[in-house]
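Visitor: This is the structure, below, for whatever I ask next.
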Amino acid sequence: MWILDKIISRNYTIRFEEISAEWLELKRNTIKQSTYYKYAYCIEKYLKERLGKLRKKDLEKYDYNQMTNELTKELSPKSVKEILNVLKSILKYANQRYSMNIHLDLIISPKVRVKEINVLSKKEVNKLEKYCLTENSLKSLGIFICLNTGLRIGEICALKWEDIDFEKKLINIKKTLQRVYTVEKKTEIIINSSKTESSIRAIPMSDKIYHILKELRKRQDSEAFFFDGFKGSIY
């Protein structure tokens, strides 16, 4: 009975900050490092301030939609929705682990409007390409490759010379680079494998890209990230 009473007492006295820490630790081994940092930052910056000290009875009657309204005043609907997704996952864990009764279906996420993408005209692309070739910098090279391959910024920044197959004229995409916020409110560079199998691919090099990279390769170490020229550090 003593053990049972202790468990019941724990269910009523545990705070949100402890629950979120447990949830995050459980997630650690099932998600990428960049995602872990994103969740940790979300909890530290947006959730602990509002919910950190709340216990079972307070969490069960808390007005989460009011919190949503407050967040919407300072953040985009997309960012608010991402925060609420983390919150709902934590509260679902609280319901299951600590016998709470929080109605997750009543927590309403803001509607995210899909923005229309502005596409460069052929004339604008040619003008930008000409500028990049004239500028002749690593930054302009990145823009030039992006224009000619459709690679994402994170994919381009993660490229090393070992990913370039000059014999077959292919750029092998295997990883992506992100700068994420840590709990200490600093930023850190994270390099992960590509999200899905379809993201791991080989992109043909045009003759222009081939000759530019071939020339640049002569001036850099074979193990370097070729957009900064260093082996271990990035930007």
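The values are calculated or read from the model by the stated rules, or taken from the named source; none is laboratory data. Worth saying up front: this structure is predicted, and the values here are computed from it rather than measured. When we count neighbours, we look across all protein chains shown, and the Cβ atoms used for this are built from the backbone with ideal geometry, even at glycine. Ligands, DNA and RNA are stripped out before the accessible areas are found, and what is left, the full protein with its side chains, is counted by its heavy atoms. Shrake-Rupley method; radii C 1.70, N 1.55, O 1.52, S 1.80 Å.
Visitor: Cβ-Cβ below 6 Å, separation at least six or inter-chain, first residue in the stretch 52-64 and free of Cβ contacts under 8 Å to residues at least 40 places away in the same chain, second open to solvent by 60 Å² or more (accessible area, probe 1.4 Å): which pairs?
Guide: Lys53/Arg15
Visitor: Does Lys88 fit the bill of being open to solvent by less than 80 Å² (accessible area, probe 1.4 Å), under 26 Å from the mean Cα position of the chain (by Cα), within 30 Å of Ser20 (Cα to Cα) and of a type in the set (D, E, K, R)?
Guide: Working: open to solvent by less than 80 Å² (accessible area, probe 1.4 Å): yes; under 26 Å from the mean Cα position of the chain (by Cα): yes; within 30 Å of Ser20 (Cα to Cα): yes; of a type in the set (D, E, K, R): yes.
In short, yes.
Visitor: Please work out if Leu87 is modelled with pLDDT of 90 or more and aliphatic (A, V, I, L, M). Please lay out each step first, then the result.
Guide: Details: modelled with pLDDT of 90 or more: yes; aliphatic (A, V, I, L, M): yes.
Considered against the rule, which asks whether it is modelled with pLDDT of 90 or more and aliphatic (A, V, I, L, M), Leu87 comes out as yes.
Visitor: Here is a follow-up. Can you name the residue in the stretch 120-138 that is on the phi < 0 side of the Ramachandran plot and modelled with pLDDT under 85 and is also most open to solvent (accessible area, probe 1.4 Å) among such residues? Give the derivation first.
Guide: At the first step, the residues of the stretch 120-138 found to be on the phi < 0 side of the Ramachandran plot are 120-135, 137-138.
With the extra rule that they be modelled with pLDDT under 85, the set shrinks to 137-138.
On the way: Ser137: 44, Leu138: 61 Å².
Among them, the one singled out is Leu138.
Visitor: Specify the residue that is nearest to Cys42 (Cα to Cα); the eligible residues are those in the stretch 186-218 that are in a loop (DSSP other than H, G, I, E, B) and at pLDDT below 80. Break it down stepwise before answering.
Guide: Of the stretch 186-218, the ones in a loop (DSSP other than H, G, I, E, B) are 186, 194-196, 200, 205-206, 218.
Checking the rest, the ones that are also at pLDDT below 80 come to 186, 194-196.
Values: Lys186: 13, Ser194: 23, Lys195: 21, Thr196: 24 Å.
Looking at residues that are in a loop (DSSP other than H, G, I, E, B) and at pLDDT below 80, I get Lys186.
Visitor: Let me ask another. Just name the residue that is most open to solvent (accessible area, probe 1.4 Å) out of those in the stretch 3-32 that are polar (S, T, N, Q) and at pLDDT below 85.
Guide: Step one: of the stretch 3-32, the residues polar (S, T, N, Q) are 9, 11, 13, 20, 29-30.
If we keep only those that are at pLDDT below 85 too, we end up with 9, 11.
On the way: Ser9: 59, Asn11: 23 Å².
Among those that are polar (S, T, N, Q) and at pLDDT below 85, it is Ser9.
Visitor: A further question follows. Return the residue satisfying two criteria in turn: it lies in the stretch 74-122 and is assigned to a loop (DSSP other than H, G, I, E, B) and in contact with a Phe, Trp or Tyr (Cβ under 9 Å, 6 or more places away or on another chain), and of such residues it is farthest from Leu26 (Cα to Cα).
Guide: Residues of the stretch 74-122 that are assigned to a loop (DSSP other than H, G, I, E, B), as a first pass: 74-76, 98-103, 107-121.
Okay, now just the ones that are also in contact with a Phe, Trp or Tyr (Cβ under 9 Å, 6 or more places away or on another chain), so 75, 98, 102, 107-108.
Details: Leu75: 28, Tyr98: 15, Ile102: 20, Ile107: 23, Ile108: 26 Å.
Checked the stretch 74-122; the qualifying residue farthest from Leu26 (Cα to Cα) is Leu75.
Visitor: Same structure, new question: Quick one: which residue in Lys127, Lys81 is out of contact with any strand residue (DSSP E or B) (no Cβ under 8 Å at 6 or more places or on another chain), closer than 30 Å to Glu49 by Cα and not hydroxyl-bearing (Ser, Thr, Tyr)?
Guide: Checking each option against the conditions leaves just Lys81.
Visitor: Then there's this: Sort out which residues of the stretch 37-50 are in contact with a Ser or Thr (Cβ under 8 Å, 6 or more places away or on another chain) and of a type outside the set (Gly, Ala, Ser), and write them in order of number.
Guide: Residues satisfying the conditions are Tyr37, Tyr41, Ile43, Leu47, Lys48.
Visitor: Another question, then. Go through the stretch 77-115 and count every residue that is free of Cβ contacts under 8 Å to residues at least 24 places away in the same chain, more than 16 Å from Tyr62 (Cα to Cα) and of a type in the set (A, V, I, L, M). Show your work before the answer.
Guide: Pass one, the stretch 77-115, residues free of Cβ contacts under 8 Å to residues at least 24 places away in the same chain: 79, 88, 92, 95-96, 103-105, 114-115.
Subsequent filtering for residues that are more than 16 Å from Tyr62 (Cα to Cα) retains 79, 96, 114-115.
Adding the requirement that they be of a type in the set (A, V, I, L, M) leaves 114.
Final tally of qualifying residues: 1.
Visitor: Looking only at the stretch 70-85, how many residues end up being more than 17 Å from the chain's Cα centre (by Cα) and crowded, with 16+ Cβ neighbours inside 10 Å?
Guide: Summing the residues that are more than 17 Å from the chain's Cα centre (by Cα) and crowded, with 16+ Cβ neighbours inside 10 Å in the stretch 70-85 gives 1.
Visitor: Just to be sure before I move on: is Glu44 open to solvent by 70 Å² or more (accessible area, probe 1.4 Å) and within 12 Å of Glu17 (Cα to Cα) in the structure I sent?
Guide: Values: open to solvent by 70 Å² or more (accessible area, probe 1.4 Å): yes; within 12 Å of Glu17 (Cα to Cα): yes.
In short, yes.
Visitor: Next up: List, please: which pairs have Cβ atoms under 6 Å, are six or more places apart or on different chains, and start with a residue in the stretch 182-205 that is among the basic types (Lys, Arg) and end with one that is in a strand (DSSP E or B) and modelled with pLDDT of 75 or more?
Guide: Close Cβ pairs (under 6 Å, with a partner that is in a strand (DSSP E or B) and modelled with pLDDT of 75 or more) amount to Arg201/Ile173.
Visitor: Counting only residues that are at pLDDT 95 or above, crowded, with 16+ Cβ neighbours inside 10 Å and not β-branched (Val, Ile, Thr), which one in the stretch 56-69 is nearest to Met100 (Cα to Cα)?
Guide: It comes out as Leu59.
Visitor: Ok, one more. Can you run down the residue pairs with Cβ atoms below 6 Å, 6 or more apart or on separate chains, where the first is in the stretch 160-173 and part of a helix (DSSP H, G or I) and the partner is among the polar types (S, T, N, Q)?
Guide: Cβ pairs passing all conditions: Trp161/Ser222; Asp163/Asn172.
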